[in-house]
Structure formats: structure tokens, C-alpha cells
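The values are calculated or read from the model by the stated rules, or taken from the named source; none is laboratory data. Because the structure is predicted, anything quoted here is derived from the model rather than measured. Note that each Cβ is placed from the backbone with ideal geometry, even for glycine, and that neighbours are counted across all protein chains shown.
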Amino acid sequence: MLLVADLLVLVVALLHVYFLTLEMFLWQKPIGLRTFRNTPERARDTAVLAANQGLYNGFLAAGLIWAVFYQWPLSALHIKTFFLGCVVIAGIYGAYSVSRRIFFIQALPAIVALALLWIFR
């Protein structure tokens, strides 16, 4: 069952790679405009901020991927816990400050992964 938990951690990481891509490279493209419900003008004005946000999502993804493949299981559990905790906090804050749907897209998968990790450790 730990394999299932690790697969979910990788899903969370891949979501953050997707967020990085949307925010850094597709922010002003049609898919970015639709996803974030932006106008072209607003997207242009906020592109640098979005790219910075995307970079942070990349750091979260990198940390989660590193943790899944880390050699020592106990340390890997702690690293996964840290990065998933960061994702949960970011998702909760995003839901509070931007849109409730961020909770379901970002925080909830991380909460489930975190719960499974600790249940099946």
C-alpha cells in the first residue's frame, strides 16, 4: 500500500509540474486565460507574478519527486510530509484568498496522499 501512497505523491508532484507550466509558459495563452479566468490584459499585467508562482510550484514538485526516490525510507517519509504539508497550506490559503476550487485541485490530493503515507508507513 505504500506504493499506492507514493504514486499519489507523484500525482501531486505532476499536478505541480502542470501548474508550473500553466503559470510560467501558458499564462497568456488561451489555455492559461481559460484556466485562471483571466483577460489578456490582466494576464499581461500579472505574467511576472504568475511565473514566480510557477517557479515555487516547481520547487514543490521537485521536493516531492526527490522524496519518492530518496534512499532512506524514514527520511523520505519526513521529506514527503514536509512538502505535502507545504502543498496543503498553499492550497488552503489559495482557497481562502482566490477560489474555493483550489482546495479541491491542490490541497485535497495532498491531504489524501499525506493520510495514506502515514497510514501505510
All positions within the stretch 90-110 that are within 28 Å of PRO73 (Cα to Cα), buried (at least 18 other Cβ atoms within 10 Å of the Cβ) and without any contact (Cβ under 8 Å) to a residue 60 or more places away in the chain: ALA90, GLY91, ALA107
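ARG42 - would you say it is on the phi > 0 side of the Ramachandran plot and out of contact with any Phe, Trp or Tyr (no Cβ under 8 Å at 6 or more places or on another chain)?
On the way: on the phi > 0 side of the Ramachandran plot: no; out of contact with any Phe, Trp or Tyr (no Cβ under 8 Å at 6 or more places or on another chain): yes.
Spelling it out, it is not the case that ARG42 is on the phi > 0 side of the Ramachandran plot and out of contact with any Phe, Trp or Tyr (no Cβ under 8 Å at 6 or more places or on another chain).
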Criterion violated by GLY85 - all others in (1) touching a residue at least 24 places away in the same chain (Cβ under 8 Å); (2) surrounded by 18 or more Cβ atoms within 10 Å (Cβ to Cβ) satisfied: (2)
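Considering only residues that are closer than 20 Å to ILE105 by Cα, surrounded by 14 or more Cβ atoms within 10 Å (Cβ to Cβ) and out of contact with any helix residue (DSSP H, G or I) (no Cβ under 7 Å at 6 or more places or on another chain), which ones fall in the stretch 39-57? Break it down into steps so the answer makes sense when it comes.
Taking the stretch 39-57 as the starting set, the residues that turn out to be closer than 20 Å to ILE105 by Cα are 50-57.
With the extra rule that they be surrounded by 14 or more Cβ atoms within 10 Å (Cβ to Cβ), the set shrinks to 50-51, 53-54, 56-57.
Within the stretch 39-57, just TYR56 meets the criteria.
Are any residues in the stretch 5-30 more than 18 Å from the chain's Cα centre (by Cα) and not charged (D, E, K, R), and if so, which ones? Let's see the steps before the verdict.
So in the stretch 5-30, the residues more than 18 Å from the chain's Cα centre (by Cα) come out as 28-30.
Within the stretch 5-30, GLN28, PRO30 meet the criteria.
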Residue check for ALA43: within 26 Å of TRP27 (Cβ to Cβ), in a helix (DSSP H, G or I) and either among the polar types (S, T, N, Q) or touching a residue at least 40 places away in the same chain (Cβ under 8 Å) (or both): no
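Rundown of residues vs (1) assigned to a helix (DSSP H, G or I); (2) within 15 Å of the chain's Cα centre (by Cα); (3) of a type in the set (A, V, I, L, M); (4) modelled with pLDDT under 95, yes/no style:
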residue: ALA50; (1), (2), (3), (4): yes, yes, yes, no
residue: GLY63; (1), (2), (3), (4): yes, yes, no, no
residue: LEU77; (1), (2), (3), (4): yes, no, yes, no
residue: PHE103; (1), (2), (3), (4): yes, yes, no, no
ASP6, sole failed condition from (1) acidic (Asp, Glu); (2) closer than 30 Å to LEU116 by Cβ; (3) surrounded by fewer than 19 Cβ atoms within 10 Å (Cβ to Cβ): (3)
